[in-house]
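The values are calculated or read from the model by the stated rules, or taken from the named source; none is laboratory data. Bear in mind the structure is a predicted one, so any value in this text is a computation, not a measurement. Cβ coordinates were reconstructed from backbone atoms using ideal geometry, including for glycine residues, and neighbour counts include every protein chain displayed. Note: accessible area is taken over every heavy atom of the protein model, side chains too, but ligands, DNA and RNA are not part of it. Shrake-Rupley method; radii C 1.70, N 1.55, O 1.52, S 1.80 Å.
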Amino acid sequence: MKKFTLNNGTQIPAIAFGIGTKFFRGQDQNHAPDDLDFKITEAVKTALKTGYTHLDNAEVYGNELEVGLALHDPNVKRSDLYITSKLLKNIKDPKNALNESLQRLNTSYLDLYLIHAPFFSEESHGISLEDAWKQLEGLVDAGVVKSIGVSNFRIRDLERILKICRIKPTVNQIEYHAYLQSRELVQFCKENQILVAAYGPLTPIFRKPDGPLGAVLEKLSKKYSVKPEIILLRWVYQQGILVVTTSSNPERQKEVLSYFQENKDKQEFALSTEDMDEISTVGATHNYRHFWKNEEF
Ligand SMILES: NC(=O)C1=CN([C@@H]2O[C@H](COP(=O)(O)OP(=O)(O)OC[C@H]3O[C@@H](n4cnc5c(N)ncnc54)[C@H](O)[C@@H]3O)[C@@H](O)[C@H]2O)C=CC1
Ligand SMILES: O=CCc1c[nH]c2ccccc12
């Protein structure tokens with residue numbers, strides 16, 4: 001599996017299987033034991049069998065119990081997995097939020113814990129960004145999370161954290177695709193050794209199929225003999241950006257993953273610089289954000 005190295009020296013699989021969109025259950029995690037959606041458990045088990053090792057979850061996806069059941073499988077070795085989760089609803093008390101997530105997920109630690117979004121304050125949630133970050137640093141000290149990071153953070157939010165932090169954010173997970181390139185933010189993250197992780201990477205195909213990239217993707221798909229989805233995921237990865245994607249279709253899961261596995265015997269599929277640039281240039285003529293639309297970016 002291809003990996004990136006974080007600013008704390010740890011390694012992170014370059015592709016994550018997202019459990020937040022397709023498998024979203026609603027913000028309440030406290031389902032009765034007889035109210036579990038086993039389709040989610042089966043989808044996660046399939047993803048793990050297929051070879052995904054990195055799961056992307058959050059307290060607000062309402063499905064940690066189902067994911068925890070998939071992790072309970074005796075064939076699943078925790079140390080082979082990379083589990084990311086996020087908090088926001090319970091940001092006032094990160095230690096408690098983490099403990100509850102760990103219990104539901106059937107695990108004793110997280111590999112990566114992210115503040116899901118910067119859209120909270122002392123007034124709205126009873127805690128400032130700075131104090132929340134200091135509490136996350138305490139969780140690293142306690143060994144219950146290996147790395148900490150953020151999600152949906154703008155430059156101004158990152159600057160607030162960088163000013164007070166003892167431990168730098170390792171990751172900023174943002175909506176990132178050809179129609180939302182946020183160049184200044186990505187550059188800022190790179191300059192500060194914060195790995196960008198892209199959610200919604202397939203948006204130009206499945207959420208905005210009528211955008212200007214249609215013809216370019218069709219052309220490149222023919223040129224490289226791969227599906228347009230693979231072109232878009234590779235475009236993200238080749239920029240040194242982690243891919244967070246999802247699918248409930250086992251065949252699609254397998255195909256996508258095959259492009260992120262190390263295979264020394266096979267020539268790696270790569271986009272030429274010209275084709276990378278064409279996607280960036282044509283993509284930049286259109287702007288589309290799908291998530292957190294009511295917030296000010
Ligand atoms: N931090 C945050 O605020 C957010 C994080 N995320 C995370 O990122 C993950 C991935 O996000 P997505 O936007 O779903 O990623 P995506 O861009 O990879 O997928 C978009 C949609 O296309 C669908 N799809 C994929 N292949 C398809 C095909 N061949 N035919 C038809 N449909 C197909 C998928 O099922 C998915 O619903 C989420 O599950 C979640 O874990 C997502 C949104 C916000
Ligand atoms: O993580 C982002 C996408 C998402 C899906 N469901 C919810 C609920 C609350 C916040 C974000 C999300």
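Sub-6 Å Cβ pairs linking a first residue in the range 146-168 that is within 14 Å of ligand 1 (Cβ to nearest atom) to a second residue that is small (Gly, Ala, Ser), at least 6 apart or interchain, are Asn152/Ala117, ordered by first then second residue. Would you point out the residue of the range 56-70, among those that are touching a residue at least 40 places away in the same chain (Cβ under 8 Å) and in contact with a helix residue (DSSP H, G or I) (Cβ under 9 Å, 6 or more places away or on another chain), that is surrounded by the fewest Cβ atoms within 10 Å (Cβ to Cβ)? Only one residue fits best here, namely Glu59.
Residues are listed down the side, and each one gets a yes or a no for (1) open to solvent by less than 10 Å² (accessible area, probe 1.4 Å); (2) closer than 24 Å to Leu136 by Cα; (3) within 14 Å of ligand 1 (Cβ to nearest atom); (4) hydroxyl-bearing (Ser, Thr, Tyr):
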{"position": "Ile12", "(1), (2), (3), (4)": "yes, yes, no, no"}
{"position": "Arg25", "(1), (2), (3), (4)": "no, no, yes, no"}
{"position": "His54", "(1), (2), (3), (4)": "yes, yes, yes, no"}
{"position": "His72", "(1), (2), (3), (4)": "no, no, no, no"}
{"position": "Lys92", "(1), (2), (3), (4)": "no, yes, no, no"}
{"position": "Asn96", "(1), (2), (3), (4)": "no, yes, no, no"}
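Any residue at all in the range 53-66 that's in contact with a Lys or Arg (Cβ under 6 Å, 6 or more places away or on another chain) and of a type in the set (Val, Ile, Thr)? Looking through the range 53-66, at least one residue is in contact with a Lys or Arg (Cβ under 6 Å, 6 or more places away or on another chain) and of a type in the set (Val, Ile, Thr).
Which is over 24 Å from Gly149 (Cβ atoms), touching a helix residue (DSSP H, G or I) at 6+ places or on another chain (Cβ under 9 Å) and not basic (Lys, Arg), of Phe38, Phe24? Of Phe38, Phe24, the one residue that is over 24 Å from Gly149 (Cβ atoms), touching a helix residue (DSSP H, G or I) at 6+ places or on another chain (Cβ under 9 Å) and not basic (Lys, Arg) is Phe38.
A Cβ distance below 9 Å, combined with a sequence gap of six or more or placement on separate chains, defines the contacts here; from the range 267-285, residues that are without any contact (Cβ under 8 Å) to a residue 60 or more places away in the chain and part of a helix (DSSP H, G or I) reach residues that are surrounded by 14 or more Cβ atoms within 10 Å (Cβ to Cβ) and of a type in the set (A, V, I, L, M, F, W, C) in the pairs Asp275/Val216; Asp275/Leu220; Asp275/Ile231; Asp275/Trp235; Met276/Trp235. Just one of the numbered conditions (1) open to solvent by 70 Å² or more (accessible area, probe 1.4 Å); (2) more than 17 Å from the chain's Cα centre (by Cα) is not true of Thr5: (2). Only one of the listed residues (Val243, Val196, Val216, Val236) is among the hydrophobic types (A, V, I, L, M, F, W, C) and open to solvent by 10 Å² or more (accessible area, probe 1.4 Å). That residue is Val216. For the range 79-94, give me each residue that is in contact with a helix residue (DSSP H, G or I) (Cβ under 7 Å, 6 or more places away or on another chain) and away from ligand 2 (no atom under 16 Å from the Cβ). The answer is Lys92, Pro94. Between Arg78, Arg104, the distinction of being of a type outside the set (Ser, Thr, Tyr), touching an Asp or Glu at 6+ places or on another chain (Cβ under 6 Å), more than 12 Å from ligand 1 (Cβ to nearest atom) and open to solvent by 10 Å² or more (accessible area, probe 1.4 Å) belongs to Arg104 only.
For the range 110-161, residues that are under 23 Å from Leu180 (Cβ atoms), open to solvent by 10 Å² or more (accessible area, probe 1.4 Å) and assigned to a helix (DSSP H, G or I) total 4.
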